[in-house]
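Inspection log for the structure reproduced underneath, given as structure tokens.
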Amino acid sequence: MATTVITNTTVMQTQSPFTVSEGVDIVIVDDVITKVGKDAALNLKADKVIDGKNKTVIPGNVCSHHHYYSGLSRGMLISAGPQEDFIQVLKEWWWRLDRGLDEEACYYSSLICSIDAIASGTTTCIDHHASPSYIAGSLDTIANGMEEVGVRGSTCYEVTDRNGGMAEVEAGVQENLRFAMAAKNKPLVRGMIGGHAPFTIPDEGLRMMGEAMRESKAGMHLHVAEDKYDVVFSHHKYNMDIIDRLEKFDLLTDNTLLVHGLHLNEREIVKLNEHNCFFAHNGRSNMNNNVGYCKNIQKVKNLVIGTDGCGGNMFEELKLAFFKHKDGGGSWWPSDYVAALNRGNQLVEAYFDGSFGKVEAGYKADLTICDYHAPTPLVAGNAASHFVWGMSSNCVESVMVNGKLVMENRQFPHLDVPRIYAEAAKVAKRVWEKVDKIAP
């Protein structure tokens, strides 16, 4: 057994009631917190002691929807045609990028996304992957990058027929099922049954995904109603609302994650709530793609927060989501948004053994240590406001995942980060040149 102690620190919970405890010790044995309190580590012999004075420890943030395949897209230089609606954005940009990805590109995308997440205080990333030219084995490659960096996560493959019809659908389902079964014994990574969006998955594909979910006991991870096109397509081709179509194939489970949902109607929100599905809001991506605003966000029961591939910085994401909400006349306060961010830990609990999301005895040691210096009192009543208005990724000093310090004093002791970034830049340049030759 390995014992780690964080001494004389401030603990700020990001789960209601957002308690703040000063001058406490945190004792971690292997991957679990065993004690939190004043003098909890007194006379205790520890393998590792971290001085927590003037630090604030919070539960690690969760990115509940990411696209690791976008890791090498930053500043991508390619020729692209008009992007005046969402489908054009997909065809001219993202669907060309994912077709250009090979094993090496997926690996470096995973490394970069994992490093960036940890550096910003995110301990878990729920990934949604696509690489149509490299399907079989692609989820192992993504998982390898996660494990090498030390981030907790899940991944899945976007089942779709957009490139290769039913053969592509079958390959995607097979990769999802294979990985979801194999990952059950992995310490840090799990599998879900992924799908792109209902408008690129025929009924037979949904049926196959349902079978894979039942065999693996994993939930579905699917974009829904990100744009009105998805809704119109469902009505035109199937004469059904999207949620009704998913329910028809028994895809709405309590470990299923539906993403975006901007254009779902109120009846559909009620139905997904009845099935206890998780629902990921991605405010920044929605703004970038000009697809609208999710006006029913306050009616969602199991709301979580994702980035849709816009990095893994949840401090930044939460600020933008909150400000967009207020700009649209929403009535939620910082506490509502911080609670939604922390609720990602309930999704984590659906796939990993143990309890997540609190700095408390019995919980998994996924922790973020911040050197946040509050210029005003930091107490339970305003902790969430400090999170939104004051804290940022700039204050993240050290990060622990599963009881292991994966970043300490802003350094990754087990990684040659400059080398990884230099290699990633070479791979990105090669991928861009390839993507530039791929027709929409």
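The values are calculated or read from the model by the stated rules, or taken from the named source; none is laboratory data. Note that the structure is a prediction, hence the values are computed from the model and not measured. Heads up, the Cβs are rebuilt from the backbone with ideal geometry, glycines too, and the neighbour counts pull from every protein chain shown. Accessible surface areas use protein heavy atoms only, side chains included; no ligands, DNA or RNA. Shrake-Rupley method; radii C 1.70, N 1.55, O 1.52, S 1.80 Å.
Here are the numbers for this structure:
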{"item": "P(r) histogram, all alpha-carbon pairs of region 265-380 included - 10 Å bins from 0, percent", "result": "12, 38, 36, 13, 1"}
{"item": "More than 43 Å apart - percent of Cα-Cα pairs taken over the chain", "result": "10"}
{"item": "Cα-projected label distance for ALA439 with TRP333, points at 7 Å along beta-carbon direction, nm", "result": "5.8"}
{"item": "For the chain: accessible area per residue (Å², 1.4 Å)", "result": "39"}
{"item": "MRE, 222 nm, helices only [DSSP H, n ≥ 4, -39500 (n - 2.57), over the chain, to nearest 500]", "result": "-10500 deg cm²/dmol"}
{"item": "Accessible carbon and sulfur surface of the chain relative to its total accessible area, %, 1.4 Å", "result": "50"}
{"item": "Directionally averaged shadow of region 311-362, computed from the convex hull of its alpha-carbon atoms, nm²", "result": "4.6"}
{"item": "Sorted peptide list for 287-299, 412-424, 201-213, criterion being average Cβ within 10 angstrom, highest first", "result": "201-213, 287-299, 412-424"}
{"item": "Unsatisfied cross-links (Cα-Cα over 25 Å) in the set LYS55/LYS301; LYS186/LYS217; LYS53/LYS364; LYS299/LYS326", "result": "LYS55/LYS301"}
{"item": "Antiparallel DSSP beta bridges within the chain, percent to nearest 5", "result": "45"}
{"item": "FRET E, pair LEU320, SER16, Förster distance 30 Å, beta-carbon r, rounded to 0.05", "result": "0.85"}
{"item": "Amide hydrogen neighbours beyond the local backbone of ALA361, cut-off 5 Å, H modeled", "result": "VAL36"}
{"item": "Extension gain (nm, one decimal) between TYR293 and SER355, 0.36 nm per residue minus Cα-Cα", "result": "19.1 nm"}
{"item": "Extended-chain gain in nm, criterion 0.36 nm per residue less alpha-carbon gap, GLU266 and LYS426", "result": "52.9 nm"}
{"item": "Under 15 Å from the Cα of LYS38 - aspartates and glutamates, other chains or at least 8 residues apart", "result": "GLU22, ASP25, ASP51, GLU360"}
{"item": "Accessible area, probe 1.4 Å, largest first, for residues TRP332, TRP389", "result": "TRP389, TRP332"}
{"item": "q = 0.20, 0.23 Å⁻¹: log10 I(q)/I(0) that the Debye formula gives for region 179-231, counting C-alpha atoms only", "result": "-0.73, -0.86"}
{"item": "Estimated distance in nm for a label pair at ASP203 and LYS186, the labels positioned 7 Å out from Cα along Cα-to-Cβ", "result": "3.4"}
{"item": "Cα-based convex hull volume of region 1-92 per residue, rounded to whole Å³", "result": "187"}
{"item": "Probe 1.4 Å, all protein chains present, accessible-area order of TRP432, TRP333, largest first", "result": "TRP333, TRP432"}
